[in-house]
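The values are calculated or read from the model by the stated rules, or taken from the named source; none is laboratory data. None of the values given here were measured: they were computed from a predicted structure. With ideal geometry, Cβ positions are generated from the backbone for all residues, glycine too; neighbour counts draw on all protein chains shown.
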Amino acid sequence: MAYSEKVMDHFANPRNVGEIPDADGIGEVGNSRCGDIMKMYLKIDGDTITDAKFKTFGCGAAIATSSMATELVKGKSIDNALKLTNKAVMEALDGLPPVKVHCSVLAEEAIKAALSDYYERKGIDPKVIIGAPSTSEDEREEPTCGE
Ligand code: FES
């Protein structure tokens, strides 16, 4: 399966690359099989995510899914961002090859990790609010990880 135009666009022209120095939540996740790392920064005002940026050391699909995930949560409420699944990120990119599904999983996990950090900073146990990932173990640990 070839990459969609949207994947290629978000890979070649990623949105929201960088750091937010005074971020309210920072999440870093990685995939132990491929070694890719994704770091998300969120700025939150009240209940709204006012800004989102990312730094990803990873494959093209990881960059495209990070870029799309930041676009999907910017301007949204925390509740809506918590509902963001890797499948929604993939759909917004018009799909990914099966071997690249785990890259989108990192994007979901990175947003949730940043929101966990946000709640921890406020002294709230994030496990109560964030819950389990939307993905299965298989989706998170894709056995092959070709570029
Ligand atoms: S995140 Fe592992 S190859 Fe894309």
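Specify the residue that is farthest from the ligand (Cβ to nearest atom); the eligible residues are those in segment 68-91 that are among the polar types (S, T, N, Q) and touching a strand residue (DSSP E or B) at 6+ places or on another chain (Cβ under 8 Å). Applying the filter and picking the extreme gives SER77. For ALA107, the test of being assigned to a helix (DSSP H, G or I), touching a helix residue (DSSP H, G or I) at 6+ places or on another chain (Cβ under 8 Å) and touching a residue at least 24 places away in the same chain (Cβ under 8 Å) is passed. Somewhere in segment 36-56, is a residue surrounded by 22 or more Cβ atoms within 10 Å (Cβ to Cβ) and farther than 20 Å from ALA23 by Cβ? No; the residues of segment 36-56 include none that is surrounded by 22 or more Cβ atoms within 10 Å (Cβ to Cβ) and farther than 20 Å from ALA23 by Cβ. Entry remark, segment 10-35: residues being surrounded by fewer than 16 Cβ atoms within 10 Å (Cβ to Cβ), within 16 Å of the ligand (Cβ to nearest atom) and assigned to a loop (DSSP other than H, G, I, E, B) number 3 in total.
Residues considered: LYS6, LYS43. Of these, the only one that is among the basic types (Lys, Arg) and within 27 Å of ASP138 (Cα to Cα) is LYS6.
Residue by residue, here is whether (1) basic (Lys, Arg); (2) touching a residue at least 60 places away in the same chain (Cβ under 8 Å); (3) under 23 Å from ILE124 (Cα atoms) holds:
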{"residue": "LYS6", "(1), (2), (3)": "yes, yes, no"}
{"residue": "PHE11", "(1), (2), (3)": "no, no, no"}
{"residue": "ARG15", "(1), (2), (3)": "yes, no, no"}
{"residue": "PRO21", "(1), (2), (3)": "no, no, yes"}
{"residue": "ASP24", "(1), (2), (3)": "no, yes, yes"}
{"residue": "VAL29", "(1), (2), (3)": "no, yes, yes"}
{"residue": "ASP36", "(1), (2), (3)": "no, yes, no"}
{"residue": "GLY46", "(1), (2), (3)": "no, no, yes"}
{"residue": "ILE49", "(1), (2), (3)": "no, no, yes"}
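Candidates in segment 98-120 are the residues that are over 12 Å from the mean Cα position of the chain (by Cα) and more than 12 Å from the ligand (Cβ to nearest atom); of these, the one that is modelled with the lowest pLDDT is PRO98.
Checking the structure you have, find out if any residue of segment 51-67 is more than 11 Å from the ligand (Cβ to nearest atom) and in a helix (DSSP H, G or I).
yes
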